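Undergrad: Below are the structure tokens for one structure; questions will follow.
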């Protein structure tokens, strides 16, 4: 039986949509130990959207890997539903109609802290929040105002409370939530460090999932390295990154793993796409009284943008 978090302390969203198919089985409860699988950019338009429209599950090839952890968290880089007005930009992504059902089948939570959550403006973002709420998919990193966007999502399972924070650095001000405006949490050093410290007071472990770095560059910027270290020093048990569409290096600071970019997970959009993309599923295991453990599994995306486990 699929085990959702025993307690969702804070979630974002609102309304109602279709019921999810039966999800894959999760591991049996292990009191005092929590495993969390993180995946990178999920875009359910284009090739993945066509797959969904034809009745296929874009996550099917990696379903067992996703279900092997207690919780699974991804970066949702598209708008759900039909609402909002498309903003002027090079790429705008709207998920296929049945995408929420696929997400609900595999994911415990999604981050909306990215540059595509706002592709159809505040109305499109608010509809995404309503649909996620209806599908019982907790989200973080965006909200109806800046306080909601910065609020941690706290999940509790196996006796461990995990706080997830999301923040976006790419054109951050353009998509930022305001006091009276729906939007995304911007990545600002003072704010993210304060949010980590505050979340640490209500959770056993805090993990920021940040959207940063130049696209298609395999090394993190020095500024991102410095900020990641500062986040660990503020209380983060690990730092997870996305946005470059390629994997980047892994760092360890004061015993905390830092994954600067997970790369793509389900994604198809570049006009000159290579035959295959490579991404990572990173699983963090937290055990009371011990440090965090990390395992990495590579996935390969086909020409449609659908992942399968890489041959090891």
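Undergrad: Would you mind telling me which numbered condition in (1) surrounded by fewer than 24 Cβ atoms within 10 Å (Cβ to Cβ); (2) within 19 Å of the chain's Cα centre (by Cα); (3) farther than 21 Å from residue 187 by Cβ residue 55 fails?
TA: The number of the failed condition is (2).
Undergrad: State which residue is farthest from residue 267 (Cα to Cα) when the search covers only the range 228-255 and only residues that are part of a strand (DSSP E or B) and touching a strand residue (DSSP E or B) at 6+ places or on another chain (Cβ under 8 Å).
TA: Top of the filtered list is 252.
Undergrad: Here's something else I'd like to know. Is it the case that the range 183-193 has a residue that's farther than 16 Å from residue 117 by Cα and assigned to a loop (DSSP other than H, G, I, E, B)?
TA: yes
Results for (1) over 19 Å from the mean Cα position of the chain (by Cα); (2) at pLDDT below 50, shown as yes or no for each residue.
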site: 1; (1), (2): yes, yes
site: 18; (1), (2): yes, yes
site: 30; (1), (2): yes, no
site: 34; (1), (2): no, no
site: 42; (1), (2): no, no
site: 45; (1), (2): no, no
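Undergrad: Among the residues in the range 142-161, are any surrounded by fewer than 18 Cβ atoms within 10 Å (Cβ to Cβ), over 24 Å from residue 38 (Cβ atoms) and either in contact with a helix residue (DSSP H, G or I) (Cβ under 9 Å, 6 or more places away or on another chain) or modelled with pLDDT of 95 or more (or both)?
TA: yes
Undergrad: Of all residues in the range 105-125, which are in a helix (DSSP H, G or I) and crowded, with 22+ Cβ neighbours inside 10 Å?
TA: 106, 124, 125
Undergrad: Name the residues in the range 188-211 that are in contact (Cβ under 8 Å) with a residue 60 or more places away in the chain and surrounded by 23 or more Cβ atoms within 10 Å (Cβ to Cβ), would you?
TA: Correct list: 207, 209, 210, 211.
Undergrad: Does the range 282-301 include one or more residues that are in contact with a helix residue (DSSP H, G or I) (Cβ under 8 Å, 6 or more places away or on another chain), in contact (Cβ under 8 Å) with a residue 40 or more places away in the chain, in a strand (DSSP E or B) and within 18 Å of residue 38 (Cβ to Cβ)?
TA: Yes; the residues of the range 282-301 include at least one that is in contact with a helix residue (DSSP H, G or I) (Cβ under 8 Å, 6 or more places away or on another chain), in contact (Cβ under 8 Å) with a residue 40 or more places away in the chain, in a strand (DSSP E or B) and within 18 Å of residue 38 (Cβ to Cβ).
Undergrad: Ok, one more. Hey, can you tell me all the residues within the range 133-152 that are over 11 Å from residue 111 (Cα atoms), touching a strand residue (DSSP E or B) at 6+ places or on another chain (Cβ under 9 Å) and either in a helix (DSSP H, G or I) or free of Cβ contacts under 8 Å to residues at least 24 places away in the same chain (or both)?
TA: 133, 146, 148, 150
Undergrad: Out of curiosity, is residue 262 touching a residue at least 60 places away in the same chain (Cβ under 8 Å) and within 19 Å of residue 153 (Cβ to Cβ)?
TA: Here the answer is yes, as residue 262 does meet what is asked.
Undergrad: Looking only at the range 108-121, which residues are within 25 Å of residue 215 (Cα to Cα) and in contact with a strand residue (DSSP E or B) (Cβ under 8 Å, 6 or more places away or on another chain)?
TA: Scanning the range 108-121 gives 109, 110, 111, 112, 113, 114, 115, 116, 117, 118, 119, 120.
Undergrad: Counting only residues that are buried (at least 20 other Cβ atoms within 10 Å of the Cβ) and in contact with a helix residue (DSSP H, G or I) (Cβ under 9 Å, 6 or more places away or on another chain), which one in the range 212-231 is nearest to residue 291 (Cα to Cα)?
TA: Among them, the one singled out is 231.
Undergrad: Something else about it: Quick test of your reading of the structure: residue 92 fulfils all but one of (1) surrounded by 14 or more Cβ atoms within 10 Å (Cβ to Cβ); (2) in contact (Cβ under 8 Å) with a residue 40 or more places away in the chain; (3) assigned to a loop (DSSP other than H, G, I, E, B). Name the failing condition by number.
TA: For residue 92, the failing item is (2).
The values are calculated or read from the model by the stated rules, or taken from the named source; none is laboratory data. Source: prediction; values computed, not measured. Please note: Cβ atoms are built from the backbone with ideal geometry, for glycine as well, and neighbour counts cover all protein chains shown.
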